[in-house]
Structures are given as C-alpha cells and as structure tokens.
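S.K.: First, the structure itself, so that you have it in front of you.
Only the coordinates and a few stated rules stand behind these numbers; no lab work does. Since the model is a prediction, treat every value here as computed from it, not as a measurement. Neighbour counts are summed over all protein chains in view; Cβ atoms, including those assigned to glycine, are modelled from backbone coordinates with ideal geometry.
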Amino acid sequence: MRHHELIKFAIIGGSMMILDMAIFYSLSLTILETKPVIAKVISGVLATIVSYILNREWAFKNRGGRETHHEAFLFFAISGVGVVLQAAPLFVANNLFDIRSSVDVTKLVIIDFILGYIIGNLLQMAFRFWALRRFAFPESDLAAAVDASVLRPDDDREGLARPKDGRTQDELADEELGHT
C-alpha cells in the first residue's frame, strides 16, 4: 500500500469514527436511550456509507480492476460484518449483563464508549483490514492498476511516452495533484 493511500485511509477512518460517535450519542442519549445497539448499528451504517464514498473517490481513486458495483458490494458486505462486530460488545453488555439498569448516565456513557469505540473498533478494524485487503481490494488488482499506469518506452506516440491507458505524463501529474 502506498503511503499516501494509508494516510488518506487513516484520515477517513478517524473522521468516520467522529461521525459515528456523534450520531450514536445523539441517538442513544435521546430517542434510542433504551436501545443502544440499534443506535450503534444506525450510526455504523451511516458512517460506512460516507466512508465508502470518501475511500472510493479520494483514498483509492487510482486503484482499478473491479467494476464499481462489485467493489461496492464487497465493501458494504465486509463493512456490514464490521458493524455487527463493533456492536457485539454493546449487545453482550446490555442483553446478557443488563448494565443499563444498574449505572448512572455518566458511567453509562463511559461504558458505551469503551465497549463500542475501543473494544468494538478493535474487533471490526482487525476483521475489515484482513477482509478488505483479501477480497475487496486484493493485491492483484493493485498490481494491474500499477502496471497500467507505468510508462512504456515502446508506447511512444508523437514523441511522448504514454502509459498503457493512453494518458500523457502531464495528465497523470494533474490527476495525482487532483487537478482533473
């Protein structure tokens, strides 16, 4: 993975955690006060939708190899399992141990944070990292995308070496800088 992709992926991930938390606490402290697992699933699904759009259009925009609908299906299927894994500690604490009936609001917010955002995030991040690399964005697709953008001396047309997809060096530089 190239470093700028990793940095962009991390920025998106951190931003989505903040969005997820804002939605979760807005719901779990108001209209879904007695249903934190539902609030967590709603916040996770909304953050996942925004995450796919940002990852597709910004972090991994130069990757190829899969049709968009296939890539989206894999991303959302994997992320759906991740949302369930992230909500699992909350589910166990609320349904098996009934913690909501025995603690005050301050302790409840802290417990929800630890269960949903620390333990839950560790579970889903480990799974998503493994599954996205293996299924949604496999290495062979990255190798094909890199191979397609490598300049070939034997593809020299009109005095300009071009990548396999026909773009000039200036067009590639503009795309990398975000000018397209």
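S.K.: Of the options Ile38, Met16, His4, report the single residue whose Cα projects farthest towards the positive end of the charge dipole of the stretch 1-126 (beta-carbon charges: Lys, Arg +1; Asp, Glu -1).
M.R.: Of the candidates, His4 comes out farthest on the positive side.
S.K.: While we're looking at this one, here's another question. Work out the charge dipole of the stretch 30-102 with +1 on the Cβ of Lys and Arg and -1 on the Cβ of Asp and Glu about the Cα centre, then indicate which of Leu96, Ala47, Thr68 is farthest towards its positive end.
M.R.: Of Leu96, Ala47, Thr68, it is Thr68.
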